[in-house]
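All remarks here apply to the structure that follows.
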C-alpha cells in the first residue's frame, strides 16, 4: 500500500517530508515506486529503496539505482521512441539516423555525409517533418539547389544519394508509406555535368608530344605517359611505391590509394573497389618511363611515411608524395599553355580522361571485356561494358571488315 503523507499544502510527501512527483509513491514498507504509461499504452512500474542517489540504502537491502535515476532513463527512452516513431522526425534527424547505420565507410564517403548534413542544417527543408514531405516538395528543393544556390548536377546527385536511401529507411521502418525521392533526377533537373570523354589517339599524341618538348612541363612527361598507357586511377598512381614497381618482372602492383583528407592529413586507403587490387603489365615504353622516374626520384634526408608506407615513387619539392590534386593542376596548366600556343585547341584533359582514353583504346583494339574489367579494376563489368557503347560507326565498320577478312581466310 502507498503511504499517504499529505502536508498542509496538500502535496504528497515521503517519510522524510520530500515532495513526491507525479507517478511517484512510497509504499508502507518504505520502498519507492514509479508508475508510467509506456508506448504500448499499458501501465508499467519500477521500484527502488532510494528516492535520490544520495539516500542511504536500508539495512539488508541490495544495492540499486535510485528511483529518480530510473525515471530519467525511462523518460529518455520514451522520448527517443516518440521522436523516431512520432510525427516530429525532421529530414535532418532522419538523415543523421541513416548515417549512424553506416559503419566502416571510407573517409571520402564520410566527408560526403558531413557535407549533406551541413547543407540540411542550413536549409529550411532540413527542418521539415518527414511525414509531410511530398514528391513535389523534394523536387522543388533540388530545383532550388540548382537554380538558386547554383549547385552542380553532380553535386545534387550526391546529395540525393544520401537523402533518398534515408527516406527508403523511413519507409522500411513504417514511418512513411512512400519515398518522396523515388523518381529519376534527370527528369527534373538540367544535367549540366561535363562528360569526361576519351580523347582521340591524335589528340593524345599531340598533347604528349607537347609535354615532352616543353621546357617546363617535360618533367611531368613520364607520369602523364604512364597514366595514358596504364589506365590507373590517379590516386592509385600517387600511392605507388618503389616496391610496387617490379622492374624485373615488368609489372605494377596496385593495392592502395594515396589520399589527403580535408584537414590536410595524408592517408593510405584501400583500392576503390574489391577488384581494385591487381597487377598491370608494362609495355616497353611504360617500363622506360618508370625507369626514369625512379632514377630522378628526389633524395630526402627523412623518407616520408604515410600510415606505415614509405618509398613513394614521385615526391614534390618538399619531399612529400605527389597527390591527385598536384597532377590535376599540372594537366590543367599544361593544357592551357598548349591551347594558347596552337590554333587547334585540345579538349579537356585530366588524369581521369587519361583513364577513360586508355579504356576506350583498349576496347577499340579488341581487348576482351573481362580482361579490360581486370585492367581497369572495375567491380561491375557493366561499368566496363559502358565504354563499348561509346564506339562509333567507324569502329564498328572496322570490326566487321576485320571479321570478314578472317572468315575469308578460313574458307
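The values are calculated or read from the model by the stated rules, or taken from the named source; none is laboratory data. Source: prediction; values computed, not measured. Don't worry about glycine lacking a Cβ; one is built from the backbone with ideal geometry, like all the others, and counts go over all protein chains shown.
Tell me yes or no: at least one residue of the stretch 106-120 is outside the structural domain of residue 51 (by TED's automatic domain parsing) and outside any helix (DSSP H, G or I). Yes. Can you say whether residue 157 is in contact with a helix residue (DSSP H, G or I) (Cβ under 7 Å, 6 or more places away or on another chain) and surrounded by fewer than 19 Cβ atoms within 10 Å (Cβ to Cβ), as far as the supplied structure shows? Considered against the rule, which asks whether it is in contact with a helix residue (DSSP H, G or I) (Cβ under 7 Å, 6 or more places away or on another chain) and surrounded by fewer than 19 Cβ atoms within 10 Å (Cβ to Cβ), residue 157 comes out as yes. Close contacts from the stretch 33-49, counting a first residue that is not assigned by TED's automatic domain parsing to the domain that holds residue 12 and a second that is part of a strand (DSSP E or B), with Cβ to Cβ under 8 Å and a gap of 6+ residues or different chains, come to none at all. Here residue 330 passes the criteria (1) touching a helix residue (DSSP H, G or I) at 6+ places or on another chain (Cβ under 6 Å); (2) more than 21 Å from residue 293 (Cβ to Cβ); (3) in a helix (DSSP H, G or I) except the one numbered (2). Are any of the residues in the stretch 304-316 surrounded by fewer than 19 Cβ atoms within 10 Å (Cβ to Cβ), within 21 Å of residue 216 (Cβ to Cβ) and assigned by TED's automatic domain parsing to the domain that holds residue 205? Checking the stretch 304-316: at least one residue is surrounded by fewer than 19 Cβ atoms within 10 Å (Cβ to Cβ), within 21 Å of residue 216 (Cβ to Cβ) and assigned by TED's automatic domain parsing to the domain that holds residue 205.
Restricting attention to the stretch 345-377, the residues that are touching a helix residue (DSSP H, G or I) at 6+ places or on another chain (Cβ under 9 Å) and free of Cβ contacts under 8 Å to residues at least 24 places away in the same chain total 6.
For the stretch 204-234, the candidate set comprises residues that are assigned to a loop (DSSP other than H, G, I, E, B) and free of Cβ contacts under 8 Å to residues at least 12 places away in the same chain; within that set, the residue that is farthest from the chain's Cα centre (by Cα) is 215. Of all the criteria given as (1) out of contact with any helix residue (DSSP H, G or I) (no Cβ under 8 Å at 6 or more places or on another chain); (2) loosely packed, with under 13 Cβ neighbours inside 10 Å; (3) more than 30 Å from residue 37 (Cα to Cα), the one not satisfied by residue 106 is (2). Here residue 104 meets each of (1) at pLDDT below 95; (2) at negative phi with one exception, condition (2).
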